[in-house]
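These notes concern the structure reproduced below.
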Amino acid sequence: MSDDIKFLQLVPIFSELTTETLEKISCLVQRRTYTKDQVILMEHESGSAFFIIISGKVKVFRESEEGKEVILTILSETDFFGEMAIIDGLNRSANVSAIEDSELFVIERKDFLDLLYTHPEVSIALLQEMTKRLRAADMKIKSLSLKDAEGKVATVILQLADDIGKIKQGVVEIEKLPFQQDLANMAGTSRETISRALHSFVKKELIELDGNKLRILDYSKFKDLYS
Ligand code: CMP
């Protein structure tokens, strides 16, 4: 079995497919590499392709007229993006750029739509992931409109735990915590607020910071407190 097929088996939206179908998909994909900070797609462009992350990380973000950035999410290995403009035919809903050197699989719009029509299990898995993203967006709306500064920072930590954290015996480790300015852009707050809130969580023994690693010491307690 080729490396491409082995990787495609790990992609959640393809998890129900047979090796034969994965082989067909492997003929449709193209590998593309992006260096850290390289723009992958821009808001308002038309949607000509669907992307799956083989390695690395990307940020999905929007910018205000003044160039202020809000990060909607960070995506990593086996995650996908670029489905929205393909499905609704409108322009890209956000910008996406690499925050680490990244390698991606790219599937052309027509091939991706064909896949959705011919393999309902892919469509259902895609809907499940889009539902998860809508739930995360709902949580963010609640956080931005109803929570105090610490609550907003906690929401971002929970989002990162979900997106890139690894859970082991109730402890969640986020290995490469984004820079404080990026955390601020995710939480809709300032870098100073991020720093203050993180220190307060350390003092309350809710988290541990170790270089750019963050550990949530009791994930279910943290979730109960802040979600
Ligand atoms: P598309 O609109 O084609 O291009 C930008 C992509 O960013 C979009 O598809 C989604 O894949 C992704 N995206 C936009 N908003 C969010 C969000 N709130 N959470 C996760 N991914 C998103």
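The values are calculated or read from the model by the stated rules, or taken from the named source; none is laboratory data. Because the structure is a prediction, the values reported are computed rather than measured. So basically every Cβ, Gly included, is an ideal-geometry build from the backbone, and we count neighbours across all protein chains shown. Accessible surface areas use protein heavy atoms only, side chains included; no ligands, DNA or RNA. Shrake-Rupley method; radii C 1.70, N 1.55, O 1.52, S 1.80 Å.
Going through the range 91-137 one residue at a time, which ones are open to solvent by 40 Å² or more (accessible area, probe 1.4 Å), under 15 Å from the mean Cα position of the chain (by Cα), hydrophobic (A, V, I, L, M, F, W, C) and away from the ligand (no atom under 13 Å from the Cβ)? Scanning the range 91-137 gives a single hit, 99.
Among the residues of the range 138-176, count how many are within 21 Å of residue 203 (Cβ to Cβ) and not hydrophobic (A, V, I, L, M, F, W, C). Show your work before the answer.
Of the residues in the range 138-176, the ones within 21 Å of residue 203 (Cβ to Cβ) are 147-158, 160-161, 170-174.
Subset that is not hydrophobic (A, V, I, L, M, F, W, C): 147-148, 150-152, 155, 170, 173.
Total satisfying the criteria: 8.
Only one entry of 20, 65 meets the criterion of being more than 8 Å from the ligand (Cβ to nearest atom), assigned to a loop (DSSP other than H, G, I, E, B), open to solvent by 90 Å² or more (accessible area, probe 1.4 Å) and without any contact (Cβ under 8 Å) to a residue 40 or more places away in the chain, and that entry is 65. The one condition from (1) assigned to a helix (DSSP H, G or I); (2) under 17 Å from the mean Cα position of the chain (by Cα) that residue 36 does not meet is (1).
Within the range 55-85, the set of residues being within 22 Å of residue 6 (Cβ to Cβ) and among the polar types (S, T, N, Q) comprises 55, 76, 78. Is it true that some residue in the range 27-46 is over 24 Å from residue 122 (Cβ atoms), of a type outside the set (Gly, Ala, Ser) and at pLDDT below 95? Scanning the range 27-46, I find at least one residue that is over 24 Å from residue 122 (Cβ atoms), of a type outside the set (Gly, Ala, Ser) and at pLDDT below 95, so the answer is yes.
Considering the range 68-86 alone, what residues qualify as being among the aliphatic types (A, V, I, L, M) and more than 8 Å from the ligand (Cβ to nearest atom)? Explain how you work it out, then say what you get.
Filtering the range 68-86 for residues among the aliphatic types (A, V, I, L, M) gives 70-72, 74-75, 84-86.
Once the filter is applied, which keeps residues that are among the aliphatic types (A, V, I, L, M) and more than 8 Å from the ligand (Cβ to nearest atom), the range 68-86 yields 70, 71, 74.
A single entry from 124, 86, 174, 141 fulfils the requirement of being β-branched (Val, Ile, Thr), touching a Gly at 6+ places or on another chain (Cβ under 9 Å) and without any contact (Cβ under 8 Å) to a residue 40 or more places away in the chain: 86.
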